[in-house]
Protein chains: 2
Amino acid sequence: MEHAAWIAVDWGTSNLRVWAIDAAGNAIASHTSDQGMGVLTRDAFEGALLALIEPYLKTGKTLPVLCCGMVGSRQGWAEAAYLSTPCAPADGQNAFHVVATDPRISVHILPGIKQMTPPDVMRGEETQISGYLADNPDFDGVLCMPGTHTKWVHISLGEVVSFQTFMTGEVFALLSQQSVLRHSVSAEGFDSGVFKDALTDAMSRPQSVTAALFGLRAGALVADMSPVAARSRLSGLLIGAELAGARPYWLGQNVAIIGDGGLSDLYRSALQEQGVDAACANVEATTLSGLKSAFETLKETSL
Amino acid sequence: MEHAAWIAVDWGTSNLRVWAIDAAGNAIASHTSDQGMGVLTRDAFEGALLALIEPYLKTGKTLPVLCCGMVGSRQGWAEAAYLSTPCAPADGQNAFHVVATDPRISVHILPGIKQMTPPDVMRGEETQISGYLADNPDFDGVLCMPGTHTKWVHISLGEVVSFQTFMTGEVFALLSQQSVLRHSVSAEGFDSGVFKDALTDAMSRPQSVTAALFGLRAGALVADMSPVAARSRLSGLLIGAELAGARPYWLGQNVAIIGDGGLSDLYRSALQEQGVDAACANVEATTLSGLKSAFETLKETSL
């Protein structure tokens, strides 16, 4: 086993991912488990972490561990109090020290960011923002971060000025898998023409989206709408409703997307339809970059 | 046990309700079970019905049974093909005869109504419409039928001209019970001031509703929004989005609500905010009235 100088951790609601980082700052290995915050009681976090990083631990030495994500929420390992907008995203100086029982690790959690008006919160995305800004130091504009809860974040002079969360991913999952629409919406497949038409419908008449949803079920029953078309239309309606609501975030703005594969592509094509050419960055690389960047300042202050 | 001349049946996705009707047309008893269409395979419907009406059956006599609702869907006991708009709601002449194995019953199912453009369907509500028209023969205007899938129905000269379904009730249940909002939304309690503010927000800016949803979670986390306020606001946002989408159905129209208790009251107060005074009718009474009215024409034709 190679020697790790520290451990970077992305600990979300559903998953736990760790990277072993060597002294030169390179990730030499990564490991994942399904031990997300959502399935762990407070006293189970340390064990879930140790199970993944045991091979890197040495008796008599303390290995630094820097975490981001829902692990720092009230239901997490320890609550790392939010920073408030406007603010630079978390660096090591704001990290919250968790008292671990195993003397071989020293654990810090990066805080999330809250906004008071309108109320909003993020945990984990602030580290992706740090990473994106570390990789693109002159970036000014808007970051779009598609996912279960998509974030739109206005960045200026290295600070998070404001942000807004849309539950689009979660609503898509609930409607397509648990509502009456599950009978009509496929689990896979995509028709980009149907997606674009639905996107246009939703953006031009956002008030019609709630009415259009049941039309996916009825369309299957009376007009043989295919399950793939229904899936594509549902996606277009929901992303269109989001873009209508997020208009101040992208209209005339410099937009970059931090996201993965398919979903990121959908947002990029949807923005392209509005005349916005968005750059794309990978979530995992950006998260790791943010953790590394925060670790530099953690070294200066806390270790 | 009193003598039943026939059995009226409201058979939805979740529940089965039967009324025993005497020769004078009066309901002498009603019985319910949780044997809704959703939990029954095709060959289990007859048994579920017999379990409730056995006391009224007599050897050597055939008891007429008239059903409405999802029992007539493709996944039901037998498919009763939809009528198409524009049309009068189903009467006995359109009822579909189901071949039962027990010779003591003769079963008919009333058809639902479909609309091709935009695609929409109803099953069960058409019988409530019949009942409402039987009780209010001169009604011209719009029926609002709140529920899991709320229907807005344009009635003219005794016909269903057009209708539109909103999944508001189902979306409310999914968001409040199964999404991340479940941590912030109470199961009970209501603040009508918060409801009205949210209603106004959603109607004036329907595109903001998807953005406002996550604010319920964030408001609880950073601004101590109470679970009752979150519930009231979620309800106001979703009903407001529906009213914004259904505007052509109620603006300047004569509106009557067929619905039960709390939900019906919410729609009535929401419409009142828009200057629309809606009459209210009870679902159960209206359904039974519709089944009785259809039974009159069934007697003329099929028995």
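The values are calculated or read from the model by the stated rules, or taken from the named source; none is laboratory data. Everything numeric in this text was worked out from a predicted model, so none of it was measured. Neighbour counts are summed over all protein chains in view; Cβ atoms, including those assigned to glycine, are modelled from backbone coordinates with ideal geometry. Heavy atoms of the whole protein, side chains included, go into the accessibility calculation; ligands, DNA and RNA do not. Shrake-Rupley method; radii C 1.70, N 1.55, O 1.52, S 1.80 Å.
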At 1.4 Å probe radius, can you tell me the per residue accessible area of segment B:165-281 in Å²? 38 Å²
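Going from the alpha-carbon gyration tensor of segment A:165-281, what semi-axes, largest first and in whole Å, does one get by taking the root of 5 times each eigenvalue?
Details: eigenvalues 121, 42, 31 Å².
Taking √(5λ) for each Cα gyration eigenvalue gives 25, 14, 12 Å.
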Heavy-atom accessible area, 1.4 Å probe, ligands and nucleic acids excluded: residues of segment B:120-142 down by at least 50 Å² from chain alone: B:VAL121
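Give me the Kirkwood hydrodynamic radius of chain A in Å, from all C-alpha pairs, to one decimal place?
The answer is 20.5 Å.
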Taking the chain alone as reference and the full protein assembly as comparison, with a 1.4 Å probe on protein heavy atoms only, the residues of segment A:174-193 that lose at least 10 Å² of accessible area are A:LEU174, A:LEU175, A:GLN178, A:SER179, A:VAL180
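Expressed as a whole percentage, what fraction of the accessible surface of chain A belongs to carbon and sulfur atoms when a 1.4 Å probe is rolled over the protein heavy atoms?
Numbers: 5960 of 12150 Å².
With neighbouring chains kept in place, the figure for chain A is 49 percent.
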Which whole-Hz couplings ³J(HN,Hα) result when phi for each residue of segment B:96-111 is put into the Karplus expression 6.51 cos²θ - 1.76 cosθ + 1.60, θ = phi - 60°, listed in order with x for Gly and Pro? 9, 7, 9, 7, 8, 7, 7, x, 7, 10, 10, 9, 10, 10, 6, x
Taking the 0 to 90 degree range and rounding to the nearest ten, how far is the long axis of helix A:227-245 tilted relative to the main principal axis of chain A, both from C-alpha atoms? 70 degrees
Calculated Rg and Dmax of the protein assembly as shown using C-alpha coordinates, Å: 28.8, 94
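Which of the trypsin sites (Lys or Arg not before Pro) found in segment A:1-65 are in a DSSP loop and have at most 11 neighbouring Cβ atoms, other than their own, within 10 Å? Each step should come with its number before you reach the end.
On the way: sites: A:ARG17, A:ARG42, A:LYS58, A:LYS61; in loops: A:LYS58, A:LYS61.
Here the trypsin sites (Lys or Arg not before Pro) that fit, given the DSSP loop and packing criteria, are A:LYS58, A:LYS61.
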Give the percent of DSSP beta bridges with both residues in chain B that are antiparallel, rounded to the nearest 5. 65 percent
Contact surface A-B: accessible area buried, both sides summed, square angstrom, 1.4 angstrom probe: 3200 Å²
Would you work out if segment A:44-181 is rounded, prolate or oblate? Take a ≥ b ≥ c from the square roots of the eigenvalues of the alpha-carbon gyration tensor; rounded if a/c is under 1.5, else prolate when a/b is larger than b/c, oblate otherwise. oblate
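Would you mind checking A:LYS196/A:LYS292; A:LYS58/A:LYS114; A:LYS151/A:LYS196; A:LYS61/A:LYS292; A:LYS151/A:LYS299; A:LYS114/A:LYS196 for any pair whose Cα atoms are more than 27 angstrom apart? Each step should come with its number before you reach the end.
Values: A:LYS196/A:LYS292 39 Å; A:LYS58/A:LYS114 37 Å; A:LYS151/A:LYS196 21 Å; A:LYS61/A:LYS292 21 Å; A:LYS151/A:LYS299 30 Å; A:LYS114/A:LYS196 33 Å.
Listed pairs above 27 Å: A:LYS196/A:LYS292; A:LYS58/A:LYS114; A:LYS151/A:LYS299; A:LYS114/A:LYS196.
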Roll a 1.4 Å probe over the protein chains and send me the accessible area per residue for segment B:1-98 in Å². 45 Å²
Of all DSSP beta bridges located in the protein assembly as shown, what percent are antiparallel, nearest 5? 65 percent
Report, to the nearest 10°, how far helix B:209-223 tilts away from the longest principal axis of the Cα atoms in chain B, using its own Cα long axis and a range of 0 to 90°. 60 degrees
What residues in segment B:222-242 lose 50 Å² or more of accessible surface when the other protein chains are added to their chain alone (1.4 Å probe)? B:VAL222
Note to self: C-alpha centroids of segment A:222-291 and segment A:59-93 sit apart, in Å, by 29 Å
